[in-house]
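Here the structure comes first, spelled out in structure tokens, and everything after it is commentary.
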Amino acid sequence: MSGIDLNEEERRLFDLLRSVARGLGDKQVEVRCAGGWVRDKLLGRGSDDIDIALDTMSGEEFANHLNEYLTSHGEQRANVAVIRSNPDQSKHLETAKVKYQGIEIDFVNLRSESYASTSRIPEIEFGTAEEDAVRRDFTINALFYNIGQGNVEDLTGKGLEDLR
């Protein structure tokens, strides 16, 4: 159950995201699908809501690079809506929302969370894929699909087993 079958739209999208990432030169970035899309694909279900997790830049920064790539290749820019973090409203993560060829994509950075002893509100920082995986609510939502490598990453070591 560790393989994911991509449809044609997903193949085209992931080829595009790989090209954008490769075109960043020194700004190396690992591009991963996270959470529900990975779970649904592993279960053989379709999903048109893709969350993209980035290790070294914000979702807005990557979405801007995506638009630069599209315009430099004669394609129409994607509309980008940025939802800013607002911890007072329990919105702890900035998200760049993009609709590209009918696919809804949320771009976010991987993150780590820490808590002060006097608060239930997490302090958010850029994190590694491992840190992001262990802070998620369920192991099956901690599964990643590494777009650059084309494989599923179970960084908790329990997600694939729990999905069975």
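How much solvent-accessible surface does PHE126 expose, in Å² to the nearest 10, with a 1.4 Å probe and all protein chains in place?
110 Å²
For the chain, count all C-alpha to C-alpha pairs, find those more than 29 Å apart, and express that count as a whole percent of the total.
18 percent
State the antiparallel share, in %, of DSSP beta bridges confined to segment 1-110, rounding to the nearest 5.
Here the antiparallel bridges make up roughly 70 percent for segment 1-110.
In Å and whole numbers, how far do the C-alpha atoms of segment 3-77 stretch along each principal axis, longest first?
If we take the Cα atoms of segment 3-77, the spans are 36, 26, 18 Å.
Ignoring ligands, DNA and RNA, what percent of the 1.4 Å accessible area of the chain is carbon and sulfur?
Carbon-and-sulfur percentage of accessible area, whole number: 42.
In nm, to one decimal, how far is the modelled label at ALA81 from the one at THR56, with both set 7 Å along Cα→Cβ?
3.1 nm
For the chain, what does the accessible surface come to per residue with a 1.4 Å probe? Please give it in Å².
On a per-residue basis, the chain sits at 55 Å².
For ARG12 and ASP40, calculate 0.36 nm times their separation in residues minus their Cα-Cα distance, and state this gained length in nm to one decimal.
Full-extension gain reported as 8.2 nm.
Could you list which residues have their amide H under 5 Å from that of THR56, counting only those 5 or more apart in sequence or on another chain, with H placed in the peptide plane?
It is GLU30, by chain and number.
The values are calculated or read from the model by the stated rules, or taken from the named source; none is laboratory data. Note that the coordinates shown come from a computational prediction; the quantities given were computed from them, not determined experimentally. Cβ coordinates were reconstructed from backbone atoms using ideal geometry, including for glycine residues, and neighbour counts include every protein chain displayed. Only protein heavy atoms, including side chains, enter the accessible area calculation; ligands, DNA and RNA are left aside. Shrake-Rupley method; radii C 1.70, N 1.55, O 1.52, S 1.80 Å.
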